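Derivation of every value follows stated rules applied to the coordinates shown; laboratory data play no part. Predicted model only: the values in this text are computed from it and were never measured. Positions of Cβ are generated from backbone atoms using ideal geometry, with glycine treated the same way; all protein chains shown enter the neighbour counts.
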Amino acid sequence: MPNQPNTRHLAAELRTVVGRLMKMMRSHSSTLGHLSLTERAVIKLLAQGQPLLPRELAAQEKVTTQSMSQILSHLAELGYITRQPSATDKRKVLIALSAAGQGLIPAVREETDEWLHQALQQSCTPGELASLNQALPLLTRLVDFDLPK
C-alpha cells in the first residue's frame, strides 16, 4: 500500500494554494474587484435564475442572516440587486439580480476565464493539464462537502 499523504499538511497546502489562486483571479477582474468573495458568490447564485430569500442566500453561503443583510445592502447600493415582495407572503422579500447585476456576469467570466486560460496555457505541460482535469471532480466533491452537525 503506497504511503498516504499527511492530510493535515495537504489541507494547509491546498487552502493556501486555492486562496492564492482566488486572489490572483480577483486581481485580474476589474469588473468585480470592489466586491468581497461572498458578494461575488451571491451574484453568482442569483445569476442562476430564480430569486431567493435572504435566509436562503445566507444558508447557501454559510453566513449569518445579519451578515447577508449587510452584503445585500452593499449590492443594492451598487445597483446589482432588486428586492421584491413575495407573491405568496408579503412579509418576505425575494432578491434577484438587476439588469446591471446581470450585465456583470459575462464580463467577469470573460476576464477571469481569459486570465486562467492564459495561465494554464503558458505554465502547464499537457500532462499537467490532464492531471488538473482529472482533479476537477475531486475538488468539486470537496467544495460540496459539509460536516454533519
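Numerical summary
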read-out: Under 5 Å, built H, 5+ apart or other chain: amide partners of SER98; value: ILE81, THR82
read-out: In segment 51-149, chymotrypsin sites (Phe, Trp or Tyr not before Pro) in a DSSP loop with at most 11 other beta-carbon atoms within 10 Å; value: PHE145
read-out: Among LEU46, LEU14, LEU37, residue whose mean-square fluctuation peaks in a GNM of the chain (springs only between Cα atoms under 10 Å); value: LEU14
read-out: Radius, Kirkwood style, for the chain when every pair of distinct Cα atoms is counted (Å); value: 17.8
read-out: Geometric extent, Cα atoms of segment 81-129 - Rg, Dmax (angstrom); value: 19.3, 56
read-out: Linear extension gain, ARG15 paired with CYS124, 0.36 nm per residue minus alpha-carbon span; value: 37.2 nm
read-out: Charge sum, other residues only, whose C-beta stays under 15 Å from VAL93's C-beta, Lys/Arg counted +1 and Asp/Glu -1; value: +3
read-out: Nearest-ten-degree value, helix 99-123 long axis tilted from longest Cα axis of the chain; value: 10
read-out: Under 5 Å, built H, 5+ apart or other chain: amide partners of VAL93; value: SER86
read-out: Residues with amide H under 5 Å from that of CYS124, placed H, sequence gap 5 or more; value: none
read-out: Residue order, fewest to most beta carbons within 10 Å, for LYS23, LYS44; value: LYS23, LYS44
read-out: Calculated from backbone phi, Karplus (6.51, -1.76, 1.60) coupling profile of segment 132-143 in Hz, x at Gly/Pro; value: 4, 4, 5, 7, 4, x, 5, 4, 4, 4, 5, 4
